[in-house]
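Heads up: the structure comes next, in structure tokens.
The values are calculated or read from the model by the stated rules, or taken from the named source; none is laboratory data. For clarity, every value in this text was computed on a predicted model and none was experimentally measured. So basically every Cβ, Gly included, is an ideal-geometry build from the backbone, and we count neighbours across all protein chains shown.
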Amino acid sequence: MNTKVAELMSKAVVTAEPHHSVEHVRKLLDRNAISSVPVVDSEGRPVGIVSVTDLAYDLKAGSAISTIMTKKVYVVPKYEDTSIAARVMRNHKIHHVVVTHEKEVVGILSAFDLLKLVEDHRYVAKNPPPTSRRKSTKRH
């Protein structure tokens, strides 16, 4: 599988800034029918991520998202193989990775984006190991 992250990522990534309000981010998610938003600094570098799960709690609408965002952001360079992004998602039990180029956010890749590889038959499972034909001998 030699598909690059840039081939599958959503390029029209919606971002927020740390000072944005909870209500503003809720509206961004609703308006764009998305489930997470990378939080970026003034130079476009990722500093956090907010998902619908983060917003599920009873939060004051005017609270800054910097108080609730997940500060540990997993990023993958856009030129990396999608297998690396899949491994990061699986190992950290996350559904999105932020895609960067020279430290700036250029996209986002979700687990659903990775399913396109299977759907398009670009991923081929390896053959299972052959079964042993040797008879098992029990010792009593």
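Could you look through region 12-51, keep only residues that are without any contact (Cβ under 8 Å) to a residue 40 or more places away in the chain, of a type in the set (Gly, Ala, Ser) and assigned to a loop (DSSP other than H, G, I, E, B), and pick out the one that is farthest from Val99 (Cα to Cα)?
Going through the qualifying residues, I end up with Ala33.
Would you be able to say whether some residue in region 105-112 is surrounded by fewer than 10 Cβ atoms within 10 Å (Cβ to Cβ), of a type outside the set (Ser, Thr, Tyr) and either at pLDDT below 95 or in a strand (DSSP E or B) (or both)?
No: zero hits.
Looking at region 56-83, which of its residues are of a type in the set (Val, Ile, Thr) and either at pLDDT 95 or above or assigned to a loop (DSSP other than H, G, I, E, B) (or both)?
Here is the first cut: in region 56-83, the ones of a type in the set (Val, Ile, Thr) are 65, 67-68, 70, 73, 75-76, 82.
Within region 56-83, Ile68, Val73, Val75, Val76 meet the criteria.
Name the residues in region 28-87 that are within 18 Å of Val106 (Cα to Cα) and among the acidic types (Asp, Glu), would you?
Hits for region 28-87 are Asp41, Glu43, Glu80, Asp81.
In region 76-100, which residue that is aliphatic (A, V, I, L, M) and out of contact with any Gly (no Cβ under 9 Å at 6 or more places or on another chain) is nearest to Val39 (Cα to Cα)?
Val97
Just one of Val88, Val52, Val47 is touching a Phe, Trp or Tyr at 6+ places or on another chain (Cβ under 8 Å) and either at pLDDT below 95 or surrounded by 14 or more Cβ atoms within 10 Å (Cβ to Cβ) (or both); which is it?
Val88
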